[in-house]
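What follows is a single structure, written as structure tokens, with notes after it.
The values are calculated or read from the model by the stated rules, or taken from the named source; none is laboratory data. In this text, all values refer to a predicted model and were calculated from it rather than measured experimentally. Heads up, the Cβs are rebuilt from the backbone with ideal geometry, glycines too, and the neighbour counts pull from every protein chain shown.
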Amino acid sequence: MAFGTDMKYWVGVTDKTWFSFLARIQPDEVNFWHPGGRPPFTQLDPGSPFLFKLKRPHNHVAGGGHFVKFTTLPLSMVWDTFEEKNGAATREDFERVIRPLMPDPSAKDPDVGCTVLTAPFFWPEFEWIAVPDWPRSSVRGGYYDSASEKGAQLWAQVSARTNAEFVAADASLSSTARYGEPRLVKPRLGQGGFRVVVTDAYKRRCAITGETTLPVLEAAHIVPYAADGLHQVSNGILLRSDFHKLFDMGLVTVTPGLRVRVSSKIKESWFNGKAYYRLDGQSLASLPDAAAERPDPAFLRWHNEERFDG
């Protein structure tokens, strides 16, 4: 197979227990977590291949996924966001594994590094790829480059097993460069990845109030997922939990001009709502810097016309 494009990808080291658990449940996304706050990689673009290499004595590449984003979150929020996709059946099991690896295992709610991967794949053991020259000093992972002989050889074996191209996890995250020959696969963000990407796009501030208390901030879909809305950042908006509920109920909306509207039904039904009405007509307090990550006017128009009860 020819590799005309120079592609960097990451091979991360992981535990077989984590891998085996996720291979059983076959999730649409995974959290390849780190007990510290910094990733070992710094040059991965969204959509880049991210492979799983099992720790010794297995020493094989056994699967992988598509890189979406690295972020840090409090442990409690990591579990709420990804649950079993962290590679454990319960929060207690998750903490039992991760806490001994923390700088301070007794910390109440320590920060966890989260590498969000979408469309993961887990090969049966007979398809694992041996990496006998893996340096013993590399305990977290390493870069490979498809332009190098070693990187091209490994990628050829990966491509033969996946029979797929690695492209961006979402069209709004990066371009869909072609790597390999076989059929096109265009994986979408999962719910956890959606929450992470929206949270960071809004710089961890509520779009309406500017609130920065992370535990009460939630990624809301503008067009609900149940109504065929997509897990993509332009269909998301970060809201304080009470505004999220009101937004979903159609008692609050955001116009295509990015102004807040509050329904009269709040006062009519509950004889209150002063805290909400003072924001009526105001411009949003926080927006993503990138234009492609801001709310799509078509999605906002749908919410105004189909959901908002003014």
Practice task
Given the conditions (1) in contact with a Cys (Cβ under 8 Å, 6 or more places away or on another chain); (2) in a loop (DSSP other than H, G, I, E, B), report the number of the one that Phe82 does not fulfil.
Solution key: (2)
Handout entry: Filtered residues of region 280-305 (kept if more than 28 Å from the chain's Cα centre (by Cα) and within 25 Å of Phe194 (Cβ to Cβ))
Key = Glu305
Completion exercise
Restricted to region 1-20 and to residues being modelled with pLDDT under 75 and out of contact with any helix residue (DSSP H, G or I) (no Cβ under 7 Å at 6 or more places or on another chain), the residue nearest to Arg161 (Cα to Cα) is Ala2
Fill in the blank from the handout: Scanning region 88-102 for residues that are in a loop (DSSP other than H, G, I, E, B) and closer than 22 Å to Ala23 by Cβ gives Ala88, Ala89, Thr90
Handout entry: Flag if Val30 is part of a strand (DSSP E or B) and β-branched (Val, Ile, Thr)
Key = yes
Completion exercise
Residue set Ser263, Ser234; condition surrounded by 20 or more Cβ atoms within 10 Å (Cβ to Cβ), small (Gly, Ala, Ser) and touching a Lys or Arg at 6+ places or on another chain (Cβ under 8 Å); output residue Ser234
Fill in the blank from the handout: The residue from His221, His231, His303 that alone is over 30 Å from Thr115 (Cβ atoms) and touching a strand residue (DSSP E or B) at 6+ places or on another chain (Cβ under 9 Å) is His303
Practice task
Would you mind finding the one in Ser48, Ser106 that is of a type in the set (Ser, Thr, Tyr) and either closer than 15 Å to Val11 by Cα or buried (at least 19 other Cβ atoms within 10 Å of the Cβ) (or both)?
Solution key: Ser48
Practice task
Check whether at least one residue in region 15-23 is under 20 Å from Val97 (Cβ atoms), touching a Gly at 6+ places or on another chain (Cβ under 6 Å) and part of a strand (DSSP E or B), and report yes or no.
Solution key: no
